Ligand SMILES: Nc1nc2c(ncn2[C@@H]2O[C@H](COP(=O)(O)OP(=O)(O)OP(=O)(O)O)[C@@H](O)[C@H]2O)c(=O)[nH]1
Ligand SMILES: [Mg+2]
Ligand SMILES: [Zn+2]
């Protein structure tokens, strides 16, 4: 084994991380700005009894996802190609949550898709309506039950050759889904009844067959979009962006301006009301 190896960061803790290489997983002292998904070059060092890694550099990233903490940008994952947004009847997924993730993905050069999980449970008409909003704007939707392993084949074939981050409310089933896909039990709410709810606290990357990588993430109850300006917000709403090209005035606010094509499309149902409401509220918040 060469002293310098290439690998990918698969787990990240407060001051250390785990890097997967062809020669096994190495625990490394985290260096500044390293995140799950990063491809790194590491030096293998013998530390007392154990082999350890020392990260020498981070290779350039094909995509980056970050959150804002007190207005400061904090990277949390990299080199992701797709975000799988788990949508469930319970816990109820809000359209704000879905639209924020579509926006965030688009701005990060990542493709969003929807995983309609818990199809074994009861849903109602309003839930189906919600799913239709996204089918109508051509967001791929995959229906499954992680718990009862229904329709996982379709998901597995869709994520082939992709690096996917699962996001969803706490309890949506990200860890259950990850467990089924990797064929190993992870701590999920169902497995820790004696200790109350288990909520994932770190992001972990798993390699599957077919060059598929998946990242289970903590709940991500809240993602902030306050730091985006209106020119960026509209990029998360492609149908509104398209319609806005035909507004009479360049600086149309798409609320009450003369000749607004967005309002026209809204009134004839070409633009969905909840998408429009979220667009305005994200833009004007
Ligand atoms: N009925 C049903 N229950 C499911 C399904 N998928 C997950 N669950 C249950 O939902 C609960 C939460 O699952 P988790 O996988 O821990 O949820 P999570 O998204 O990882 O939650 P956090 O780690 O808190 O963000 C568990 O009790 C699972 O058994 C499903 O397809 N159908
Ligand atoms: Mg979890
Ligand atoms: Zn307009």
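The values are calculated or read from the model by the stated rules, or taken from the named source; none is laboratory data. None of the values given here were measured: they were computed from a predicted structure. Because the Cβ atoms are built from the backbone with ideal geometry, glycine has one as well, and the counts that use them run over all protein chains shown.
Key figures
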{"quantity": "Verdict on residue 33 being out of contact with any helix residue (DSSP H, G or I) (no Cβ under 8 Å at 6 or more places or on another chain) and part of a loop (DSSP other than H, G, I, E, B)", "calculated": "yes"}
{"quantity": "Enumeration of residues in region 213-227 that are surrounded by 19 or more Cβ atoms within 10 Å (Cβ to Cβ) and in a loop (DSSP other than H, G, I, E, B)", "calculated": "217, 220, 225"}
{"quantity": "Qualifying residue in region 241-264 (condition: more than 12 Å from ligand 3 (Cβ to nearest atom) and within 27 Å of residue 164 (Cα to Cα))", "calculated": "no"}
{"quantity": "So residue 230, is it more than 9 Å from ligand 3 (Cβ to nearest atom), within 29 Å of the chain's Cα centre (by Cα) and farther than 16 Å from residue 98 by Cα", "calculated": "yes"}
{"quantity": "Test: residue 103 is touching a helix residue (DSSP H, G or I) at 6+ places or on another chain (Cβ under 8 Å) and either surrounded by 22 or more Cβ atoms within 10 Å (Cβ to Cβ) or without any contact (Cβ under 8 Å) to a residue 60 or more places away in the chain (or both)", "calculated": "yes"}
{"quantity": "Output for region 232-254, where each listed residue is surrounded by fewer than 19 Cβ atoms within 10 Å (Cβ to Cβ) and at positive phi", "calculated": "none"}
{"quantity": "When residues of region 256-285 are limited to those that are surrounded by 11 or more Cβ atoms within 10 Å (Cβ to Cβ), outside any helix (DSSP H, G or I) and modelled with pLDDT of 95 or more, the one farthest from ligand 1 (Cβ to nearest atom)", "calculated": "259"}
{"quantity": "Criterion violated by residue 224 - all others in (1) farther than 19 Å from residue 182 by Cα; (2) modelled with pLDDT of 95 or more satisfied", "calculated": "(2)"}
{"quantity": "Residue 145 being without any contact (Cβ under 8 Å) to a residue 40 or more places away in the chain and exposed (fewer than 15 other Cβ atoms within 10 Å of the Cβ)", "calculated": "no"}
{"quantity": "Qualifying position, being over 23 Å from residue 175 (Cα atoms), part of a strand (DSSP E or B) and at pLDDT below 90, among 76, 26, 68", "calculated": "68"}
{"quantity": "Residue within region 107-114 that is in contact with a strand residue (DSSP E or B) (Cβ under 9 Å, 6 or more places away or on another chain), closer than 20 Å to residue 176 by Cα and within 12 Å of ligand 1 (Cβ to nearest atom) present", "calculated": "no"}
{"quantity": "Test: residue in region 188-211 that is farther than 24 Å from residue 14 by Cα, at pLDDT 95 or above, out of contact with any strand residue (DSSP E or B) (no Cβ under 9 Å at 6 or more places or on another chain) and more than 10 Å from ligand 2 (Cβ to nearest atom)", "calculated": "no"}
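Residue by residue, here is whether (1) in contact with a helix residue (DSSP H, G or I) (Cβ under 7 Å, 6 or more places away or on another chain); (2) assigned to a strand (DSSP E or B); (3) surrounded by fewer than 12 Cβ atoms within 10 Å (Cβ to Cβ) holds:
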{"site": "2", "(1), (2), (3)": "no, no, yes"}
{"site": "11", "(1), (2), (3)": "no, yes, no"}
{"site": "40", "(1), (2), (3)": "no, yes, no"}
{"site": "54", "(1), (2), (3)": "no, yes, no"}
{"site": "80", "(1), (2), (3)": "no, no, no"}
